[in-house]
Every structure is written in C-alpha cells, then in structure tokens.
1. List every residue pair whose Cβ atoms sit under 7 Å apart, with the two residues 6 or more apart in sequence or on different chains, where the first one lies in the stretch 87-111 and is closer than 14 Å to R66 by Cα and the second, anywhere, is of a type in the set (V, I, T).
2. In this structure, is R19 touching a strand residue (DSSP E or B) at 6+ places or on another chain (Cβ under 8 Å) and exposed (fewer than 15 other Cβ atoms within 10 Å of the Cβ)?
3. Collect the residues in the stretch 35-89 that are modelled with pLDDT of 95 or more and acidic (D, E), keeping them in residue-number order.
4. Only one of (1) surrounded by 12 or more Cβ atoms within 10 Å (Cβ to Cβ); (2) closer than 20 Å to S105 by Cβ is not met by P28, so which one is it?
5. In the stretch 5-39, which residues are among the basic types (K, R) and within 30 Å of D59 (Cα to Cα)?
6. Sort out which residues of the stretch 31-67 are in contact (Cβ under 8 Å) with a residue 24 or more places away in the chain, basic (K, R) and over 17 Å from G17 (Cα atoms), and write them in order of number.
Amino acid sequence: MIVSGSGYWRYIPTRQGIRFLTGYDYIPRWPTGDRIFRPLMGWATAWSFDRLRIWLEHDIPPERARRLAIADAAARATVLAVAVKARNPLLALVAFIPKSDLVPSAHRCLRKRPR
C-alpha cells in the first residue's frame, strides 16, 4: 500500500504531562485509496502513541489501555442507543462527555509541528 515514506515522533514534556507529536508522509501505491488510508494511518498512529503516553504517565500498560478504550466505546455506544430508543436527546449528550485521561484518544497527539 505504501511505496516509500518517512516520519518523525517526539515526546514533549509539559506541565500537564507528556505531549506527543507525530508526522508521517509517504508515496501511496494506489492514490485512489489514499483518501481513506492516510487519515486512518494518522489516527491509528496518534491513538497508539497516546497509549504509550498513558503507560509513561500512569503506569497502565498499552494492552490494558486498549481494553479501557474498548470498554469506554462500548459504554458510549450503549448510552447513545438507549437515548435514541428512549427519544431522549439530553441522555444522548452523556455519550459525548470528554474521555478520561486514562482512555487513549488520538486527538491528544499533535499531527503538525507547533509553531
């Protein structure tokens, strides 16, 4: 799927904890599939490195962080399904409460170098 590519990653200590910065660029074998693959690759990289951040900051191994993420996603989907069935939009908002710092999230990782 990838002909050639290169990337970088860096952990940046901050007052709030460790921030991860990643970037990856490549030449795709099939440019038509790149519109789906490139964002998916970026998301997966950021998510996996957030699992490593949780390991560094909270001593929770990546395997356990993955299980926490699956449980969190299942709980949110259940709440959303119940809210839709009950036609209760206020209950649906519960599914969008920000995740705990112990649950991996790709949005915590920067994908562009800070200026």
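1. So the pair list comes out as L102/I54; L102/I60; P104/I54.
2. Values: touching a strand residue (DSSP E or B) at 6+ places or on another chain (Cβ under 8 Å): yes; exposed (fewer than 15 other Cβ atoms within 10 Å of the Cβ): no.
Spelling it out, it is not the case that R19 is touching a strand residue (DSSP E or B) at 6+ places or on another chain (Cβ under 8 Å) and exposed (fewer than 15 other Cβ atoms within 10 Å of the Cβ).
3. Within the stretch 35-89, D59, E63, D72 meet the criteria.
4. (2)
5. Kept after step one, since they are among the basic types (K, R), are these residues of the stretch 5-39: 10, 15, 19, 29, 35, 38.
R10, R15, R19 - these are the residues of the stretch 5-39 that are among the basic types (K, R) and within 30 Å of D59 (Cα to Cα).
6. Residue satisfying the conditions is R66 alone.
The values are calculated or read from the model by the stated rules, or taken from the named source; none is laboratory data. Everything quoted here is computed from the prediction, not taken from an experiment. No Cβ is skipped: glycine too gets one built from the backbone with ideal geometry, and neighbour counts run over all protein chains shown.
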